[in-house]
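I have placed the structure first, in the form of structure tokens, so that the comments after it can refer back to it.
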Amino acid sequence: MAHRVTLIPGDGTGPELVEATRRVLEATGVELSWDRHEAGLDEYEEHGNPFPEETLAALRRNRVGIKGPTTTPVGTGFRSVNVLLRKELDLYACIRPCKAYEGVRTRFPQTDLVIVRENTEDLYAGIEFERGTEENARVRELLSQLGSRVREDAGMSIKPISEFGSERIVRAAFDYARANGRGKLTAAHKANIMKFTDGLFLEVACRVAEDYPDIEFEDRIIDNLCNQLVSRPEEYDVIVLPNLYGDIVSDLGAGMIGGLGLAPGGNIGSEAAVFEATHGSAPKYKGQNKVNPAALMLSGVLMLRHLGEREAGDRLEAAIAEVIRKGEKVTYDLKPSRDDPTAVGTSQFADAVIEELSASR
Ligand code: NAD
């Protein structure tokens with residue numbers, strides 16, 4: 001039976017990237033049936049809601065989705081579709097593989113990491129107290145009663161990290177490592193300073209590790225991890241991090257593998273999983289058939305594996321890697337110079353991947 005997948009084109013360059021990705025996914029031969037729904041800026045401008053109920057309902061129903069990027073305009077009442085998605089579907093784990101493919105210019109050619117970022121807690125929980133407000137004064141008063149002084153002119157953000165949230169993200173990271181034949185998990189934290197938040201995260205990680213004796217486990221203080229990632233990336237495999245460090249290290253990883261055009265992602269929860277590239281909607285290139293679809297295609301590879309179609313996922317990844325290695329039919333960002341006249345467009349990159357897929361049959 002065909003896998004029913006929610007397809008969300010998004011806005012900006014999203015629709016062209018999603019179309020290229022849909023074509024290569026179908027070329028793997030896996031039976032996929034698309035349930036197409038809208039989200040993003042175009043949908044907002046046409047119908048007044050960037051994230052319609054039907055789109056959310058389709059994701060709940062199908063439990064799997066692939067999504068193009070969506071713009072979040074600055075300084076309007078428009079809420080980020082991605083934030084809403086994560087909240088509504090409790091997509092608590094963000095999985096971001098960072099692999100340096102042969103043929104890409106990078107100083108870190110041995111990089112082959114998977115970043116597993118907690119998506120719901122930490123300083124991203126949105127518990128903030130603006131400088132000079134009544135609420136801020138009340139929190140400062142309470143803190144002073146508890147023996148901690150905060151300056152009157154300070155804003156405050158609260159960092160909640162729970163046992164529940166830590167346990168499920170660490171388990172998700174170990175499960176990912178096991179399912180994908182990865183041998184080592186590193187938990188990153190700053191437990192030496194933040195004993196009750198990062199310390200709890202570390203304590204839970206060490207406890208959960210006992211249930212996975214087949215996977216090597218270690219921990220690293222976050223600053224040391226950053227230093228080591230750029231000096232000895234080959235020593236790292238899967239890395240699990242609380243939300244803020246995960247956000248930063250994901251971008252570090254994307255830089256190490258040659259840029260945003262190559263960084264895929266998946267947001268996984270207990271109800272559903274949504275796959276999308278790390279990059280945004282690159283609106284200035286909208287409709288130009290120009291940007292690199294590899295990150296979204298590689299997100300499609302993650303989706304195939306998530307659906308149990310591992311062999312097809314491996315074949316698609318190999319085909320994308322081969323197009324990149326040859327370096328001929330690739331987009332401008334993968335050429336030695338950004339104005340290289342031999343660069344191809346989004347859709348021609350997809351054609352090249354489909355050619356490689358059929359050659360490998
Ligand atoms: P962006 O990732 O869209 O683009 C930044 C630059 O990176 C682009 O100008 C381009 O030079 C390059 N780039 C990005 N994707 C590329 C690709 N596939 N191929 C080649 N080059 C690529 O970041 P931004 O400009 O900060 O954000 C634009 C919009 O996207 C914002 O509204 C932001 O909120 C949104 N956004 C959405 C998501 C998402 O939907 N998951 C993620 C990040 C940002």
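Observations
- Candidate cross-link partners of residue 159 among the lysines, defined by an alpha-carbon separation under 30 Å and a same-chain spacing of 8 or more, comprise 67, 87, 184, 190, 195.
- Nearest-20 debye value, the range 28-124 charge dipole, Cβ charges on Lys, Arg, Asp, Glu: 460 debye
- A simple packing score, the average count of other Cβ atoms within 10 Å per residue, orders the peptides 255-261, 323-329 as 255-261, 323-329, with the highest score first.
- Remark: the residue 145-residue 348 segment gains 66.6 nm on full extension, using 0.36 nm per residue and subtracting the alpha carbon distance.
- Couplings for the range 151-160, taken from phi via the Karplus curve 6.51 cos²θ - 1.76 cosθ + 1.60 with θ = phi - 60°, read 4, 4, 8, 9, x, 9, 10, 9, 10, x Hz in order; Gly and Pro are left as x.
- Taking 0.36 nm per residue of sequence separation and removing the Cα-Cα distance, the residue 156/residue 127 pair yields an extension gain of 9.6 nm.
- Residue among 130, 234, 54 with the largest mean-square fluctuation in a Gaussian network model of the chain, springs linking Cα atoms under 10 Å: 130
- If you take the Cα centroid of the range 299-341 and the Cα centroid of the range 196-244, the two points sit 29 Å apart.
- Within the chain, the ratio Rg/Rh, alpha carbon atoms throughout and Rh by Kirkwood, equals 0.99.
- As a length-normalised measure over Cα pairs under 8 Å and 6 or more apart, the relative contact order of the range 254-316 settles at 31 percent.
- Per residue solvent-accessible surface (Å²) - the chain, probe of 1.4 Å: 46 Å²
- Dipole magnitude for the chain: computed about the Cα centre from +1 point charges on Lys and Arg Cβ and -1 point charges on Asp and Glu Cβ, it is near 440 debye.
- Percent carbon-and-sulfur accessible area, the range 95-246, ignoring ligands, DNA and RNA, probe 1.4 Å: 49 percent
- Label-to-label distance, residue 79 versus residue 57, with points set 7 angstrom from Cα along the beta-carbon direction: 1.9 nm.
The values are calculated or read from the model by the stated rules, or taken from the named source; none is laboratory data. These numbers come from a predicted model, not from an experiment. Note that each Cβ is placed from the backbone with ideal geometry, even for glycine, and that neighbours are counted across all protein chains shown. Note: areas computed on protein heavy atoms with side chains; ligands, DNA, RNA excluded. Shrake-Rupley method; radii C 1.70, N 1.55, O 1.52, S 1.80 Å.
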